[in-house]
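The values are calculated or read from the model by the stated rules, or taken from the named source; none is laboratory data. Because the structure is predicted, anything quoted here is derived from the model rather than measured. Positions of Cβ are backbone-derived with ideal geometry, glycine not excepted, and every protein chain shown enters the neighbour counts.
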Amino acid sequence: MKNEYVIGLDFGTDSVRAVLTNADNGEELASHVHWYDRWRQKKYCEPHSNQFRQHPLDHIEGMEATIKTVVAQSQVDPAYIKGICIDTTGSSPVPVYKDGRPLALVEGFEENPNAMMVLWKDHTAIDEAAEINHLAKSWGGEDFTKYEGGIYSSEWFWAKILHIIREDKAVSEQAYTWMEHCDLMTYWLIVDRDLESFKRSRCAAGHKAMWHAAWGGLPADDFLSQLDPRLITLKNNLYQDTYTSDEVAGKLSKEWAQKLGLTEDTVVAVGTFDAHSGAVGAEVEEHTLVRVMGTSTCDIIVASNDAIGDNLVEGICGQVDGSVIPGMVGLEAGQSAFGDVLAWFGDILNWPLDHLLANSSLIDEATKQKLTAEIKQNLLKQLSDAAEKIPVSESAPVALDWVNGRRTPDANQALKGAMMNLTLGTQAPQIFRALVESICFGAKNIVDRFTNEGVRIDTVVGIGGVAKKSPFIMQTLANVLNMPIKIAVSEQAPALGAAMYAAVAAGIYTNIQEASSKMGSGFEAEYHPQHDQVELYKTLFTKYSELGAFVESITKTQKQPIHE
């Protein structure tokens, strides 16, 4: 197995990272990050209306820059780079023109946000999700949401597409099909760009598009037609079969082989979601919950078909055979905001820097910029250090983590954040601590839902930026969950997991378990519950739950529009 290498390409919310790995032992030979230029300029987004779109060129440019760089840096003979696998955020669908181009690359659509990728965190389709949920329970046929937790989210495939085609006639007419981000980027690399035969991702289809083998693929025409007859036409241009990410989607095209410095013999695996490849990179196994903790979270656990049986776990983001490890059922949950909750508070505290200091005449421009950068760089670290010193108290502020809605359990993107127990003595560190506790309480709700539904969890593994950088948050999480938390060594678990998929697709290993055992990097730290804190957090969690129930009771249900 000497001289065999693979590349994992991990598309995140803000950037894409390529990692070139030795398939024999998982050693990282080179990595490179590309930040999305248009996204950093905040183009095509309207946060006040929860619209978050990304231009496909950000991703195409990033794919070329990162892979080309790691190939050059590693100085590996391109003939020995055997495979590539791509993971992305999701559900992040993209409209595609009849010739296979993303619609935003077609003349007339270059600056149209509706022709771009609808990012996972875009919540413009709340009404459409509510409409899908109502129909699924009332139409008299199969409940097509039952393998996706029984509640369809505005973050997912059909709701987003339904919203766009109703809002934008031109996009509706010119979009021949739609692809999840992981499928589009995989399709863009391979030699055989046939929309009809292209292998679509099982994890994307099963968790976000109501695909299931039990009803022969995507939802029935009779169901889709009641939402919008145009969805039947779209369905005919989508797919029936889906594929796991240990399979080959195709070989690298001549065009891309030349661009990247690779050969046309390099195989490209079927695409996947970042959370699923992250779980693989963190050596996921039965009874272990892997938490991918960044701006939001995805919580992944696998179970044998015998263990899960006919059990349907309510209120999660799906349970799909083969979505994480082929031959096992992958179950997904998550929080719509995790690190984003703390970043939001940081943005509030930074407001004077951007609006008062920036306009001050007392200091020169260079000093303003240096001072602003220094404060912003150190703010959350200083808050965290101060918050960690505050004793846990039953009279402390209590916050809800729903500033970007609630993904699971029981998706409801109409929900908002809230806080109680504020006094004149409440300072920024107390609020920060309450927000940290809120994201940990949100995690506990997910763990409790799994265990109450019969899915055993013995330990939790943390990956991602928050897991690696914040011992305070990880210790708080261990105390709230009353469970040990292990932190994976790999800085790039999703990219490493994608590389493992690539190694299997390239024939280097026979299955994901074998690849994981050889390429896994292990764990670097473990947090254990502090029993005196565990009891205090039980009381605070009760208050969090009561606040959540109150906010949910006063939140207006989204109106379900009637469309002719």
Check: Consider residue 10 against the criteria (1) acidic (Asp, Glu); (2) without any contact (Cβ under 8 Å) to a residue 40 or more places away in the chain; (3) part of a strand (DSSP E or B): it satisfies all of them except one. Which criterion is unmet?
Finding: (2)
Item checked: Leading residue by the ranking (nearest to residue 502 (Cα to Cα)) among those in region 254-280 that are small (Gly, Ala, Ser) and crowded, with 18+ Cβ neighbours inside 10 Å -> 269
Notebook entry, point to check: Between residues in region 98-112 that are of a type in the set (A, V, I, L, M, F, W, C) and residues that are surrounded by 15 or more Cβ atoms within 10 Å (Cβ to Cβ) and assigned to a loop (DSSP other than H, G, I, E, B), which pairs lie under 6 Å by C-beta distance while being six or more apart or on different chains?
Noted result: 103/97; 103/109; 103/175; 104/55; 104/116; 106/97
Next item on the list: Given the conditions (1) modelled with pLDDT of 95 or more; (2) not assigned by TED's automatic domain parsing to the domain that holds residue 92, report the number of the one that residue 304 does not fulfil.
Entry: (1)
Checklist line | Any chance residue 20 is touching a residue at least 24 places away in the same chain (Cβ under 8 Å) and over 28 Å from residue 121 (Cβ atoms) | finding: yes
Item checked: Residue in region 526-543 that is among the polar types (S, T, N, Q), under 27 Å from the mean Cα position of the chain (by Cα) and modelled with pLDDT of 95 or more present -> no
Check: Would you pick out the residues in region 395-427 that are within 27 Å of the chain's Cα centre (by Cα) and surrounded by fewer than 16 Cβ atoms within 10 Å (Cβ to Cβ)?
Finding: 416, 419
Item checked: Options 390, 457, 446, 439: the member that is under 24 Å from residue 335 (Cβ atoms), part of a loop (DSSP other than H, G, I, E, B), touching a strand residue (DSSP E or B) at 6+ places or on another chain (Cβ under 8 Å) and among the β-branched types (Val, Ile, Thr) -> 457
Item checked: region 269-309 - residue that is of a type in the set (A, V, I, L, M, F, W, C) and in contact with a Ser or Thr (Cβ under 6 Å, 6 or more places away or on another chain) and, of those, nearest to residue 85 (Cα to Cα) -> 269
Notebook entry, point to check: assigned to a helix (DSSP H, G or I), surrounded by fewer than 18 Cβ atoms within 10 Å (Cβ to Cβ) and touching a Lys or Arg at 6+ places or on another chain (Cβ under 8 Å) - does that describe any residue in region 218-228?
Noted result: yes
Notebook entry, point to check: Of everything in region 466-508 that's within 26 Å of residue 8 (Cβ to Cβ) and more than 22 Å from the chain's Cα centre (by Cα), which residue is surrounded by the fewest Cβ atoms within 10 Å (Cβ to Cβ)?
Noted result: 507
Check: Looking at residue 188, is it farther than 23 Å from residue 121 by Cα, assigned to a helix (DSSP H, G or I), touching a residue at least 12 places away in the same chain (Cβ under 8 Å) and not acidic (Asp, Glu)?
Finding: yes
Next item on the list: Take residue 128 and decide whether it is surrounded by fewer than 24 Cβ atoms within 10 Å (Cβ to Cβ) and farther than 28 Å from residue 256 by Cβ.
Entry: no
Margin query: Here is a check on your reading of the model: is residue 204 in contact (Cβ under 8 Å) with a residue 60 or more places away in the chain and in a helix (DSSP H, G or I)?
Written below: yes
Notebook entry, point to check: Applying the selection to region 287-330, what residues are touching a helix residue (DSSP H, G or I) at 6+ places or on another chain (Cβ under 7 Å), among the β-branched types (Val, Ile, Thr), assigned to a strand (DSSP E or B) and within 14 Å of residue 203 (Cα to Cα)?
Noted result: 300, 301, 320, 329
Notebook entry, point to check: Applying the selection to region 402-413, what residues are part of a loop (DSSP other than H, G, I, E, B) and within 15 Å of residue 550 (Cβ to Cβ)?
Noted result: 402
